[in-house]
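The block underneath contains the structure these notes are about, expressed in structure tokens.
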Amino acid sequence: MMLTCRDAVHQMNAKQLTTWQGFPAHCGLADLRSAGVELGEDETAATLGEAAEHASYRKARFAGYAESPVIWLRDGAIAQISVDDPELGDVPGLLVTLGAPAAKLDAWARTTPTTIPEAEWVWPARGLALRLSSDRRIAIQLIVFAPTTLERYRAALRYAEAPRELPR
């Protein structure tokens, strides 16, 4: 059964990630509004992916999250939605249920600013990535998108912030 944009929003709000199969590729801002998502008005141009492909983003309010999700857009369609500190329940149990990821990528931690080895776990065929704490017990960021390949996720969807040096 093909998931609708509204269904995906409800599943995301309920944090039903064990059955997550990706955000539908055709969803846009109007679909989010019709599903009850409050969208910010400011849209900022940016790049997304290791290939630094053009994108834009805006903040939103989802019922299930304390932090404001970021809606990443390309050509009017949702490229991905990311949520910092998604407050997921049993993260170790979720990881077991999801099974082995296609990749465990090093991830930039903005809060410390350091790189955490193998902290970004990616299930591209499920349209799901999680940035995890170094002990893998806390989800630092939830990222959902339309199912894709690992190569396409890395090139076009992965948030790639260059590491910075701490001031001395």
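None of the figures in this text is laboratory data; all of them are computed from the coordinates on show. This one's a predicted model, so the numbers in the text were calculated from it and none came from an experiment.
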Exercise. Indicate the gyration tensor shape class of the stretch 34-167 (rounded, prolate or oblate), computed on the Cα atoms with a ≥ b ≥ c the square roots of the eigenvalues: a/c under 1.5 is rounded; otherwise a/b larger than b/c is prolate and the rest oblate.
Key: rounded
Exercise. For Ala66 and Leu150, compute 0.36 nm times the residue count separating them, minus their Cα-Cα distance, and round to one decimal in nm.
Key: 27.3 nm
Quiz item: Per-residue HN-Hα couplings for the stretch 42-56, Karplus 6.51 cos²θ - 1.76 cosθ + 1.60 at θ = phi - 60°, whole Hz, x for Gly and Pro?
Solution: 7, 10, 10, 6, 7, 10, 9, x, 5, 8, 6, 6, 4, 7, 9
Self-check item: Candidates Asp106, Asp75, Asp84: whichever shows maximal mean-square fluctuation once the chain is modelled as a Gaussian network with Cα springs under 10 Å
Solution: Asp75
Quiz item: Long-range amide H contacts for Thr114: which residues qualify at under 5 Å (H placed 1.01 Å from N, peptide plane, sequence gap of 5 or more or a different chain)?
Solution: Ala109
Quiz item: Between Glu87 and Arg137, 0.36 nm times their residue separation minus their Cα-Cα distance comes to what?
Solution: 16.9 nm
